[in-house]
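Let me begin by presenting the structure, written as structure tokens, before commenting on it.
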Amino acid sequence: MTVEMLGARIMAPYFGGSISVWGSLITVFMLALSVGYLVGGRLSTRNPNPKTFALFFIGAAIFSIPIIVFADAIMRPIFLTIEDPRYGSLLASVFLYFIPTSILGMISPYSVRLMVDSHEHSGHMAGLLFFVSTIGSAGGTLATSFYFVLWFDVNQILWGAVAVLLLAGSVILLINYLLQNSATDTRVSGYEKQT
Amino acid sequence: MKNKLRLLLPFLSICGLLAVTQSLVAAEVIHEEKSLYRDINVVQTGDRRCLIFNVHRGDRNQTCVDVNNRDELIFSYTKMSFAGLLLTPEPKKILIAGLGGGTLPLAFNDLFPDAQIDVVEVDQAVVNVAKEFFFFEENANMSVSVNDARVFVKRAGILGEKYDFIILDAFGGDYIPEHLLTQEFLGEIKQIMTEDAVLVANTFSTSRFYDHESVTYQRVFGEFFNFKLPNSGNRLIITQLDPLPPRGNLTTRAQSLAPSLEKYGVPLLEYPNRLSTRVDWDMSRRVLTDQYAPANLLQGN
């Protein structure tokens, strides 16, 4: 959500601040998330493990970096070729945000699989997970739009988000490593709820 | 009988009150429209017809016209925009960002019929209302693009188009388009200015935001004229690419131009003395950039 809130800001210099820019942005985020959910769910059926889970965070972090480094390089040619800012912003959103957002979308279904021990608890765990992730989204939205933009540059906030994702991925890897060392039979159960 | 009267009395007094308020406030809402960006109201009081955005939040009038004397400009900030003529007296290509009721472009078109006037307005509904209720018309030399000003200016820059008179008047209503206030945007504006062009920006005179904005304009243009009138909440920034001319030149120009502006009610002769280059803002404030432009948050503080 932090990235989404900043997304409009990043695109405004090229495509303006009109409502269609927000429309493009939200559309692409929704599409990316839906693809992410699908792929994440599918991946969770094949040997679900914390390492893959951690890679989602790290992957999302890495694919967010182009938003910071190549934003102008991506938006400029689109601005030059597409005159209508509606389609320009739609295409720019796809290039900038689709990959990192869909990777983030994989986290939710995958973590349901990792956290669920039995069928009876699956609804409960899924509910808890949606709760945590949606609260997190609300917090990210509020903090970004009320405070972060007042305190930091857009790129500083984005680097912050990248750092948080990398940290989350590393923590998961670390805990996994420690657990594997301390016990021979590591049946991983819900210890990581970050989104 | 007495009982009946007692029952009737509140009813009668309400009727009386309604009659009184009706006669006192003859303002009539003649058009209401919700656009994607705002609520648009057209209100007429006697001969005066006004465009109001977001009326429920008590916004000021955007534009007013006297329907029987359409030439006369009513708002001081609209008149103040003509101070740009003191720097560039004969514009040939004019860009106006923000249409409002269209009174400003109409007056410029009337005054300089041969000049090409491009108006950029983000909200189609505003264009419709200006045409339907405020006598705005496009013609061979004046056209409106429904587009975001930033997009328009960036594209004009790439196409190599130049303007010698640019008016930024896109800051009406209570939402500030943050991407039209940044150092980068002003840089793009610079790109489309001819060597002798003037930039007139109708902006904010209050809040912390005044400081940030002043610092930003100063960074891009160096010294600028800060134009405020005692009874107006507006301030205009007037600047050009070259160093600013001495006040004597402005006074001479005002004298030669003033007669042609009389019919619009523009008191041009008063303006040269009001154009100030004094720094009356906090110079330590941060420059607004595409990376940092929390204009709407700053406005509230």
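The values are calculated or read from the model by the stated rules, or taken from the named source; none is laboratory data. What you are looking at is a predicted structure, and each value in this text was computed from that prediction instead of being measured. Cβ sites come from the backbone with ideal geometry, for glycine too, and all protein chains shown count toward neighbours.
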Query raised in the report: Is it true that some residue in the range B:192-208 is β-branched (Val, Ile, Thr), within 14 Å of chain A (Cβ to nearest Cβ) and more than 20 Å from B:Lys92 (Cβ to Cβ)?
Result: no
Query raised in the report: When residues of the range A:1-37 are filtered for being without any contact (Cβ under 8 Å) to a residue 60 or more places away in the chain and either touching a strand residue (DSSP E or B) at 6+ places or on another chain (Cβ under 6 Å) or of a type in the set (A, V, I, L, M) (or both), how many remain?
Result: 5
Query raised in the report: Conditions: (1) more than 14 Å from every other protein chain (Cβ to nearest Cβ); (2) under 20 Å from the mean Cα position of the chain (by Cα); (3) in a loop (DSSP other than H, G, I, E, B). B:Phe171 meets all but one. Number of the miss?
Result: (1)
Query raised in the report: Are any residues in the range A:147-164 over 14 Å from the mean Cα position of the chain (by Cα) and part of a helix (DSSP H, G or I), and if so, which ones?
Result: A:Tyr147, A:Phe148, A:Val149, A:Leu150, A:Trp151, A:Val154, A:Asn155, A:Gln156, A:Ile157
Report task. Go through the range A:44-85 and count every residue that is loosely packed, with under 14 Cβ neighbours inside 10 Å, part of a helix (DSSP H, G or I) and within 14 Å of chain B (Cβ to nearest Cβ). Result -> 5
Report summary line: When (1) within 14 Å of B:Leu95 (Cα to Cα); (2) surrounded by fewer than 15 Cβ atoms within 10 Å (Cβ to Cβ); (3) within 14 Å of another protein chain (Cβ to nearest Cβ) are applied to B:Arg155, the one that fails is (2)
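Results for (1) away from chain A (no Cβ under 14 Å); (2) of a type in the set (S, T, N, Q); (3) out of contact with any strand residue (DSSP E or B) (no Cβ under 6 Å at 6 or more places or on another chain); (4) touching a residue at least 40 places away in the same chain (Cβ under 8 Å), shown as yes or no for each residue.
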residue	(1), (2), (3), (4)
B:Thr63	yes, yes, no, yes
B:Pro89	yes, no, yes, yes
B:Leu99	yes, no, no, yes
B:Gln124	no, yes, no, yes
B:Phe133	yes, no, no, yes
Requested in this report: Working only within the range B:114-138, note down all residues that are at pLDDT below 95 and not charged (D, E, K, R).
Outcome: B:Val122, B:Gln124, B:Ala125, B:Val126, B:Val127, B:Asn128, B:Val129, B:Ala130, B:Phe133, B:Phe134, B:Phe135, B:Phe136
Query raised in the report: Taking the range B:181-221, which residues are small (Gly, Ala, Ser) and within 11 Å of B:Leu288 (Cα to Cα)?
Result: B:Ser214
Query raised in the report: Restricting attention to the range B:252-301, and to residues there that are of a type in the set (Val, Ile, Thr) and closer than 30 Å to A:Gly7 by Cβ, which single residue is farthest from the other protein chains (Cβ to nearest Cβ)?
Result: B:Val287
Report task. Return the total of residues in the range A:1-43 being surrounded by fewer than 17 Cβ atoms within 10 Å (Cβ to Cβ), among the hydroxyl-bearing types (Ser, Thr, Tyr) and closer than 19 Å to B:Pro177 by Cβ. Result -> 0
